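Taking it in order: structure first as structure tokens, then the write-up.
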Amino acid sequence: MLIVYGIILNVRRKSPMAVTDNFSFLTIQSASEGFYKEKGSKFLGFAYPVHDEREIKASLEPLRKLYFDASHHCYAWMLGADKKYFRAFDDGEPNHSAGTPILGQIRSKELTNVLVVVVRYFGGTKLGVSGLIQAYKAAAETALANAKIIKTEITTSFTLNFEYTASPEIMRMVKEFDLTIENQNYEEQASILVNINLRFKDVFLEKLKLLRATGTPITYSEKTV
């Protein structure tokens, strides 16, 4: 379970597909790198899968230490299945000449939960704003081109409370809906926290209502902020 700006995002990674819908999004599977050179300036591109600002910070800090002598560390990130949370940072370059073209590459590939950093070593020749835009765009593009893009299913969480006699029914549902059990507690009454793909939520709720209607001792609630 991941919390971004107070919104709970639970994701389960699946095989990559070209088309997404309201129940999935595209991101990258693992970190990747790229490189671009223009008039002596070197642009090192780095792409990372991230889920919140804590992971973004954890990815930025090692780069700042490793490339401490670089001229600029510019970056952009996008978070959330709805792509509502993002930032572009120019790190001293002219406004919108670095972070914005990096963010543009993330958007062009329809990605989210991604951080792209471009580290620049100045080569002695100024590139101008248009040259910088092209260079940062190219470095970000090569980093993302070397990444494996995957389709990720959005999930939601439910807490199920039930009598022990209902355990066989509950376990059948876990298997039927491919639920991920995040937590479980077996005391006087059993309780489990499960994740389910958002696309199956309505069918899952109908099954829970049917169980209750037929006398199965179970209560449930969806995880909310």
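The values are calculated or read from the model by the stated rules, or taken from the named source; none is laboratory data. Values in this document were obtained by computation on a predicted structure and should not be read as measured data. Reconstructed Cβ throughout: ideal geometry from the backbone, glycine too, with neighbour counts over all protein chains shown. Surface areas here come from the heavy atoms of the whole protein model, side chains and all, with no ligands, DNA or RNA. Shrake-Rupley method; radii C 1.70, N 1.55, O 1.52, S 1.80 Å.
So for the chain, what percent of the C-alpha to C-alpha distances run longer than 27 Å?
Across the chain, Cα pairs with separations above 27 Å total 45 percent.
Give the angle, between 0 and 90 degrees and rounded to the nearest 10, that separates the Cα long axis of helix 167-176 from the longest principal axis of the Cα atoms of the chain.
40 degrees
Most fluctuating residue of GLY92, GLY80, GLY215 in a GNM of the chain with Cα springs under 10 Å: which is it?
Highest fluctuation among the options: GLY215.
Return one whole number: the accessible area per residue of the chain in Å², for a 1.4 Å probe.
Here the per-residue accessible area is 52 Å².
Out of the total accessible area of the chain (probe 1.4 Å, heavy atoms of protein only), what percent is carbon and sulfur?
Heavy-atom surface of the chain belonging to carbon and sulfur, 1.4 Å probe: 52 percent.
Given a cut-off of under 8 Å on Cα pairs at least six residues apart, what relative contact order in percent is computed for the chain?
Computed over the chain, the figure is 26 percent.
Using a 10 angstrom Cβ neighbour count of at most 10 plus a DSSP loop assignment to flag exposed GluC sites (Glu not before Pro), which longest range of the chain is free of such sites?
1-186
Enumerate the amide H contacts of TYR85 below 5 Å, restricted to partners 5 or more residues apart or on another chain; note that Pro and chain-start residues carry no placed amide H.
Answer set, sorted by chain and number: LEU79.
Is there a quick way to get the dipole size of the range 14-116? I mean about its Cα centre, with the Cβ of Lys and Arg at +1 and of Asp and Glu at -1; what is the value in debye to the nearest 20?
Rounded to the nearest 20 debye, it is 100 debye.
Restricting to Cα pairs below 8 Å that are 6+ residues apart, what does the relative contact order work out to for the range 84-145? Please round to a whole percent.
39 percent
GNM on the chain, C-alpha springs below 10 Å: top fluctuator among VAL194, VAL116, VAL203?
Looking only at VAL194, VAL116, VAL203, the largest GNM fluctuation is found for VAL203.
Among all the lysines, which ones have a C-alpha under 26 Å from LYS37's C-alpha, if same-chain residues fewer than 8 places away are not counted?
Counting by Cα, and skipping residues close in sequence, LYS37 has these lysines nearby: LYS65, LYS109, LYS126, LYS137, LYS148.
In degrees between 0 and 90, to the nearest 10, how far off the longest principal axis of the chain does helix 201-213 point, with axes built from Cα atoms?
20 degrees
Compute the helix-to-body angle for 99-108: its Cα long axis versus the longest principal axis of the chain, expressed 0 to 90° and rounded to tens.
Rounded to the nearest ten degrees, it is 50.
Lys/Arg Cβ at +1, Asp/Glu Cβ at -1, dipole of the chain taken about the Cα centre: which of LEU79, MET173, PHE158 is farthest positive-ward?
LEU79
Mind checking which of ASN185, GLY128, PRO62 is farthest towards the positive end of the chain's charge dipole, using Cβ charges of +1 (Lys, Arg) and -1 (Asp, Glu) about the Cα centre?
GLY128
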